[in-house]
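**Q** Mind looking over this structure? Questions follow.
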Amino acid sequence: MTLVTDVRLRRVLDSRGNPTVEADVLTEEGGFGRAAAPSGASTGEYEAIELPASEAIAKAREDAVPRLVGEVHAGNQREVDAALHAADGTDDFSSIGANSAVAISMAAAKAGASVAGMPLYQHLGGTFRGNSFPIPLGNVVGGGEHAADATDIQEFLSVPVGAPSVSEAIFANAAVHQEVHDILIDRDVPSGKGDEGAWAPSIDDGEAFEIMDEATKAVADEVGFEIRFGLDVAAAEMYEDGAYQYSDRERSTEEQVEYIADLVREYDLKYVEDPLDEDDYEGFADLTEQVGDRTLVCGDDLFVTNTDRLGDGIQQGAANSILIKPNQIGTLSDAFDAIELAVENAYGHVVSHRSGETEDTTIAHLAVATDAPFIKTGAVGGERTAKLNELIRIEDNAV
Ligand code: PGA
Ligand code: ZN
């Protein structure tokens, strides 16, 4: 019924103006799905390999498309993703490119959903539970690899933990984004935006903490529910010569653990992503031991959506949650495996965008389908609001 009849691949623009891979999957019975690969800037060393878009497309046309067309059913995600692995033949998609793989994998899921006449999140096995929606983490100020001459810490994220609905949470994050801007204007700090739409002022991390504290409290007072904040430190990007290189000083691993633990306590942070280098399971375990009972310690570059790396982390008590980025591992089935392992071990999962994005909304459906406690997909900007508005539609039963 959902036998794949055609796979079309093309280059489209991502939000940074770079080419990325878009896939269309067509099936019998008029099934159709379209999806595009996102792209990172602070990519983890252990991620599946993204090839230049034209090369990924050429390789996938040659090796993957013949194994899909007339061979697999779009409604059978495992079958599609196994064919992608077989076509590639490596363990990191370095032959056909994780960007081609993930675009085809997601497009196939949408084609399967279209034949079934279901929204994607339902086709992927989920239902929307109004009282346990994914809380959006909204990137509102930051720097790192996403903006030059801004904060060392890559992302300061608004976390509307007390929001009664997805839409109220999403509007709260947008309000925090606006409030941050107002505070920056009051302080005479001009600011552009980084790759994910967060303000990227030329301030130090200390001032960003002050501003986040003020902005989240002001908006919480207005909306009448609790808003905390959190961080993506993206510490692998600042780890060099055995220490964390901040603009004003360096910190040893022990100092970094202490610094982050103190920040969690001082600002009651709800969320801390990649506080240590991507090879430092031990440092992650130390920090989790200290503050894991009061905050989410999340592995992004540490785990790269990979079950082997997550398994190592679980064994060592490193982190208590995992970021899920389908393009880090190459297929939806692999992402589902990572989520399943996380859930079995009481690790929270946070479905996430990349800094380079398109209008694709697959991750909004993935978060709902897997009952993710959090989704990280920005606060403003078209490629971010595409996902946020899709969540609002899902909540409104309008997808
Ligand atoms: P990236 O950053 O998409 O540039 O890798 C996002 C993140 O680190 O979470
Ligand atoms: Zn990250």
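The values are calculated or read from the model by the stated rules, or taken from the named source; none is laboratory data. No experiment lies behind these values; they were computed from the predicted model shown. Cβ coordinates were reconstructed from backbone atoms using ideal geometry, including for glycine residues, and neighbour counts include every protein chain displayed. Protein only, heavy atoms only, side chains kept; ligands, DNA and RNA dropped before computing areas. Shrake-Rupley method; radii C 1.70, N 1.55, O 1.52, S 1.80 Å.
**Q** Given the options Met238, Met106, Met118, state which has the largest fluctuation in a GNM of the chain using a 10 Å cut-off (strictly under) for Cα springs.
**A** Of Met238, Met106, Met118, the most mobile in the Gaussian network model is Met118.
**Q** Just for the chain, what percent of DSSP beta bridges are antiparallel, to the closest 5? If you can, show how the numbers build up before the last one.
**A** Working: 30 of 49 bridges.
Bridges in the chain that DSSP calls antiparallel: roughly 60 percent.
**Q** Next up: Each label point is 7 Å from the Cα along the Cα-to-Cβ direction; what then is the distance between the points at Glu250 and Arg265, in nm?
**A** 2.7
**Q** Using a Gaussian network for the chain with springs between C-alpha atoms less than 10 Å apart, which of these wobbles most: Gly143, Gly197, Gly242?
**A** Comparing Gly143, Gly197, Gly242 in a Gaussian network model of the chain, the most mobile one is Gly242.
**Q** Could you tell me the calculated FRET efficiency between Thr90 and Asp221, based on Cβ-Cβ distance and R0 = 41 angstrom, to the nearest 0.05? Don't skip to the answer; put the middle values down first.
**A** Working: r = 53 Å, r/R0 = 1.29.
For Thr90 and Asp221, the calculated efficiency is 0.20.
**Q** Send over the Kirkwood Rh of the range 194-266, from the inverse of the averaged 1/r over different Cα pairs, rounded to one decimal Å. Each step should come with its number before you reach the end.
**A** Numbers: mean 1/r = 0.0702 Å⁻¹.
It is 14.2 Å.
**Q** List the residues whose amide H sits under 5 Å from the amide H of Lys193, counting only those 5 or more places along or on another chain, with H placed 1.01 Å from N in the peptide plane.
**A** Ala200
**Q** In Å, what is the Rg of the alpha-carbon atoms in the chain, and how long is Dmax?
**A** Gyration radius and largest Cα-Cα distance of the chain: 20.3, 62 Å.
**Q** Could I ask something else about it? Got a sec? Charge dipole of the chain, +1 on Cβ for Lys and Arg, -1 for Asp and Glu; which of Val25, Gly125, Leu184 is way out at the positive end?
**A** Sorting the options by dipole projection puts first Val25.
**Q** Put Glu240, Glu29, Glu47 in order of accessible area, largest first, 1.4 Å probe: what do you get?
**A** Heavy-atom accessible area, descending, gives Glu29, Glu240, Glu47.
**Q** Something else now. The range 99-155 to the range 251-306: how many Å between their Cα centroids?
**A** 23
**Q** What ³J(HN,Hα) values, in whole Hz, does the Karplus curve 6.51 cos²θ - 1.76 cosθ + 1.60 give for the range 378-389 when θ = phi - 60°, with x put for Gly and Pro?
**A** Rounded to whole hertz, the list is x, 10, 9, x, x, 6, 7, 5, 3, 6, 5, 5.
**Q** Evaluate E = 1/(1 + (r/R0)^6) for Glu359 and Glu258, where r is the Cβ-Cβ distance and R0 equals 30 Å; express this FRET efficiency to the nearest 0.05.
**A** 0.10
**Q** Hand me the trypsin sites (Lys or Arg not before Pro) from the range 253-304 located in a DSSP loop with no more than 15 other Cβ atoms within 10 Å, in residue order please. Each step should come with its number before you reach the end.
**A** Working: sites: Arg265, Lys270, Arg294; in loops: Lys270, Arg294.
Of the trypsin sites (Lys or Arg not before Pro), the ones in loops of the range 253-304 whose Cβ has at most 15 other Cβ atoms within 10 Å are Arg294.
**Q** Would you mind telling me the share, in percent, of accessible area of the range 4-117 contributed by carbon and sulfur at probe 1.4 angstrom?
**A** 46
**Q** In addition: Keeping all protein chains in place, calculate the accessible area per residue for the chain (probe 1.4 angstrom), answer in Å². Kindly include the intermediate steps, with their values, before the conclusion.
**A** Numbers: 14820 Å² over 399 residues.
Each residue of the chain exposes 37 Å² on average to a 1.4 Å probe.
**Q** How much of the accessible area of the range 135-398, probe 1.4 Å, is carbon plus sulfur, in whole percent?
**A** Working: 3760 of 9180 Å².
The C+S portion of the solvent-accessible surface of the range 135-398 is 41 percent.
**Q** Which distance in Å, rounded to a whole number, links the C-alpha centroids of the range 169-208 and the range 348-399?
**A** Centre-to-centre (Cα) distance: 21 Å.
**Q** Evaluate the Kirkwood expression for the hydrodynamic radius of the range 255-363, namely the inverse of the mean inverse distance over all pairs of different C-alpha atoms, and round to one decimal in Å.
**A** Details: mean 1/r = 0.0712 Å⁻¹.
That comes to 14.0 Å for the range 255-363.
**Q** Rounded to the nearest 10 Å², what accessible area does Tyr267 have for a 1.4 Å probe in the complete protein model?
**A** The value for Tyr267 is about 50 Å².
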